[in-house]
Structure formats: C-alpha cells, structure tokens
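Everything below concerns the one structure shown next.
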Amino acid sequence: MRRKLVAGNWKMNGNTEFAAEFAQDLKAKLDAAEVTCDVMIAPSAPYLALLANAFSESNIQVAAQNVAQFDKGAYTGEVSASMLSDLSCQASLIGHSERRTLFGETDEVVAAQVSQLVEQGITPVLCVGETLEEREAGNAEQIVENQLKAVLERFSVDQLKNLVVAYEPVWAIGTGLTATPDQAQEMHAHLRSVARELDEQWADSLTILYGGSVNSKTAKELFAQPDIDGGLVGGASLKVDEFFEICQSA
C-alpha cells in the first residue's frame, strides 16, 4: 500500500525568521497529532540548511526546489546535487512548470537533473502538467505522457526506485482553480499506466502527487482518489495551520 505524501513548495517566499517559526510550529503540531502521511518542505535555497537542522530529529523531509544539471564547475548561481546532499537534503523538485516556462528548462535538462540526483541518492520529485490551451485542444494526456517518458526512457527501474511524480495542471497553479477529483484521478491513472510500461510492480508502488491550488477544502476529496497519493502544495504551504490541515487530510 502506498503511503501518502504531502509536500510544501514555498517558491521564492520566506525569510530566516519565518522559516524558523514555521519549522517549530509544524513540528509541534505533527508531534501532537496522529498524522500518518509523510511530510516534505521545499524552501528557497538559502533556508535549506536551517530547515535541515530544524527537522533533523523529526520525520519531516527537506527538499530543494531545483538542482543543477551539472555536477560542478563554472556555473554561476547553480546548486549541485552533491551540495544538496551536503546539506542533508532528501529530495528535489524538478521540471516544475515555472522552471519550464520562465527559465526554459527542457525535458533534456530535466533528465540530466534526474541523473545528478540519482547519483547522490536524492529523491527526484518530477513535475509534469499541461497548459489550459493543451487541455482544451485534447492533448493533455499526451503532453504529460511525453514529459514522464522523457525520464522513464532514460533510466532503469532501480535508478528510479525513489522517484516521485507530481501532476500539476499548469492552469491550476496559483490561479485558485483546481482540477476536479475526477479530472485529477483520470490523469493520475494515465500516468500510472504509462509507468507500467516500464515495470508493473514498480508502477503500482510509484507515488504520484496532485498539485495546483491544493488547500484544506479540496485536499480530502482529492486524496481519496485511488491513484492520488498526496499533494504538492504551493501557497497553502506558507500557512502552517492550513498546511497542517492538509496533512491531516492525507
């Protein structure tokens, strides 16, 4: 049985005081409650060490929001997978739609990032999703299938044993719009069927998250779907009470 995972993506928000207070409050709430899901927080890079230290004696995982496609060298502004490992980072988001659209990261770049993370034993959280135009044109399933296969076709099951996939319809990110539970389940089931082409047993154990304006009001029904294994939470992850409620929904 797949264990639920709730991951918070802070994007480019927060400061030292916020990160320290959030970590303290979230730990206290999770310790006092019977929350059975896995929990992950992805802060901006300057606060990775702070959160890794704050969560060191808890089960809360720390994730980066992105990683370089190179191992080291003259790449000003980049952060390598080995550096993330040095900071006790357990995971990293890759392929987020904002990275793809704003910074031009392609499927080839994402595959190179997976390679770097796998080398360091860090969990890749692969984001896939379609735009509103692609959905309205009837191409949504093909778009996300192509994004997933760009990784699956380059690696073995053993290399991808810790992979997490996050389906985030681009039209629902930060817009207040959310895919209906049926829409989300349909896409998650499709992604799992694509994964079965690589290995059926592995696909059945693959964690697939839903992201796109997830909040405490929508989480419970979304997470109840058979192929939705939790959520990648954006804005709501900056509010500790709201994020905690979402964790309880899982």
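Just so you know, all these numbers are worked out from the coordinates, no wet-lab data involved. All figures in this text were calculated on a predicted structure; none of them were measured in a lab. Glycine also receives a Cβ, built like all others from the backbone with ideal geometry; neighbour counts cover every protein chain displayed.
Observations
- Label-point separation, Glu78 to Thr175 (7 Å along Cα→Cβ), nm: 3.2
- Total formal charge among the other residues, if their Cβ is under 13 angstrom from that of Ile60, Lys/Arg +1 and Asp/Glu -1: -2
- Global geometry of segment 55-102, whether rounded, prolate or oblate, following the gyration tensor of its Cα atoms and the 1.5 cut on a/c: oblate
- Sum of side-chain charges, Gln69 neighbourhood, beta-carbon under 10 Å (Lys, Arg +1; Asp, Glu -1): -4
- Within segment 181-207, backbone nitrogen closer than 16 Å to the virtual label 7 Å beyond the Cα of Lys149 toward Cβ: 190-199
- Cβ crowding within 10 Å, taken as a proxy for footprinting-reagent exposure, orders Thr131, Thr101 from fewest neighbours to most as Thr101, Thr131.
- Distance between the C-alpha centres of segment 195-210 and segment 18-63: 27 Å, rounded to the whole angstrom.
- Dipole axis of the chain (+1 Lys, Arg; -1 Asp, Glu on Cβ), positive-most option in Thr16, Val79, Ala64: Thr16
- Contact order, relative form, for the chain: 22 percent (alpha carbon pairs under 8 Å, 6 or more residues apart, mean separation divided by residue count).
- Pair Arg3, Thr106: separation of 7 Å Cα→Cβ label points (nm): 3.8
- Förster-model FRET efficiency, 25 Å R0, Ser205 and Glu21, C-beta, rounded to 0.05: 0.10
- By the helix-only formula, in which each DSSP H run with n ≥ 4 contributes -39500 (n - 2.57) and the sum is divided by residues, the chain has a 222 nm mean residue ellipticity of -12500 deg cm²/dmol.
- Charge sum, other residues only, whose C-beta stays under 14 Å from Met1's C-beta, Lys/Arg counted +1 and Asp/Glu -1: -1
- Considering only alpha-carbon pairs that sit under 8 angstrom and 6 or more positions apart, the relative contact order computed for segment 22-73 is 38 percent.
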